[in-house]
Amino acid sequence: MMPRTLATLPWWLAAALALIPGCPLEYTVPLETDGGTFDRDDGDEDDTSSSNEDDGTEDCDAPNLSCDDGCIDPESDADHCGDCDRDCGPGGSCVEAECIDSCDNACDLVTEVCSSGSCECRPGFDRCDGTCVDLDINAVNCGECGEVCAEDDKGEIELYVCEAGDCREDEVGCSLGLVECGQSCVDLESHPLHCNACNRACDGDQVCIEGDCLDA
């Protein structure tokens with residue numbers, strides 16, 4: 001007869017037999033509960049928590065750089081000119097890691113911007129006699145091209161300042177909050193030609209915000 005274990009006998013009989021001295025019964029403890037069988041960790045499972053995952057970047061050979069777009073040549077890539085994410089802008093090209101605009105650097109750095117191969121006036125400026133000016137503050141083109149803030153008084157030229165496109169007599173001066181820079185009444189906090197100080201100009205592709213020149 002095959003030996004029976006406590007686990008296979010009725011519970012009341014298994015309990016009674018267990019109390020008899022010397023009773024050679026085998027018994028087992030099943031690794032299960034009402035909710036199912038326990039999984040035993042024998043240490044043989046692979047630990048995937050510490051495995052290295054591919055971060056999507058590429059290993060590049062010098063002088064190439066590893067950027068989000070992959071391996072790039074910083075000497076000629078207009079989107080990453082000299083470094084990752086250094087964009088040369090619309091129409092620009094990268095030559096020996098330096099951005100070159102498509103206008104062959106013919107544009108005025110302060111009053112003009114290069115757009116599709118042509119030099120255009122920076123936003124807010126108009127062209128008068130071939131020069132880009134701000135009609136709001138330019139005393140020889142105040143409000144419109146050729147409108148000069150001056151008066152000929154018996155052979156003597158009396159100059160006035162230009163504010164918001166209007167000529168104002170020197171006796172009146174600039175409005176509160178504006179500063180007189182030459183013949184111009186300007187807000188040093190926001191004017192790109194006089195940013196934080198008279199004649200401190202921002203580049204054509206920058207704006208003046210709270211006295212700082214920032215990229216547009």
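The values are calculated or read from the model by the stated rules, or taken from the named source; none is laboratory data. Bear in mind the structure is a predicted one, so any value in this text is a computation, not a measurement. Positions of Cβ are generated from backbone atoms using ideal geometry, with glycine treated the same way; all protein chains shown enter the neighbour counts.
Checking residue 118 against (1) modelled with pLDDT under 95; (2) closer than 30 Å to residue 74 by Cα; (3) surrounded by 16 or more Cβ atoms within 10 Å (Cβ to Cβ), which test does it fail? Answer for residue 118: the failing condition is (3).
Every residue, every condition in (1) among the polar types (S, T, N, Q); (2) under 37 Å from the mean Cα position of the chain (by Cα), yes or no:
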position: 93; (1), (2): yes, yes
position: 116; (1), (2): yes, yes
position: 126; (1), (2): no, yes
position: 135; (1), (2): no, yes
position: 152; (1), (2): no, no
position: 157; (1), (2): no, no
position: 164; (1), (2): no, yes
position: 169; (1), (2): no, no
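Looking at the stretch 166-180, which of its residues are of a type in the set (D, E, K, R) and either farther than 12 Å from residue 136 by Cβ or surrounded by 15 or more Cβ atoms within 10 Å (Cβ to Cβ) (or both)?
At the first step, the residues of the stretch 166-180 found to be of a type in the set (D, E, K, R) are 166, 168-171, 180.
Result: 168, 169, 170, 171, 180.
Residues that are among the polar types (S, T, N, Q) and crowded, with 16+ Cβ neighbours inside 10 Å within the stretch 181-216 comprise 183, 184, 206, listed in sequence order.
Being among the small types (Gly, Ala, Ser) and over 37 Å from the mean Cα position of the chain (by Cα) is the filter here, so list the residues in the stretch 137-150 that pass it. Before the answer, list the steps.
Kept after step one, since they are among the small types (Gly, Ala, Ser), are these residues of the stretch 137-150: 139, 143, 146, 150.
Within the stretch 137-150, 139, 146, 150 qualify.
From the set of residues in the stretch 96-115 that are crowded, with 19+ Cβ neighbours inside 10 Å and touching a residue at least 40 places away in the same chain (Cβ under 8 Å), which is nearest to residue 205 (Cα to Cα)?
Keep residues of the stretch 96-115 that are crowded, with 19+ Cβ neighbours inside 10 Å, which gives 101, 107, 111-114.
Narrowing the set further to residues that are touching a residue at least 40 places away in the same chain (Cβ under 8 Å) leaves 107, 111-113.
On the way: 107: 12, 111: 9, 112: 8, 113: 7 Å.
Of everything passing the filter in the stretch 96-115, 113 is nearest to residue 205 (Cα to Cα).
Residues that are within 17 Å of residue 71 (Cα to Cα) and exposed (fewer than 14 other Cβ atoms within 10 Å of the Cβ) within the stretch 83-95 comprise 83, 85, 87, listed in sequence order.
Considering the stretch 126-135 alone, what residues qualify as being in a loop (DSSP other than H, G, I, E, B) and charged (D, E, K, R)?
Keep residues of the stretch 126-135 that are in a loop (DSSP other than H, G, I, E, B), which gives 129-130, 134-135.
129, 134, listed by residue number.
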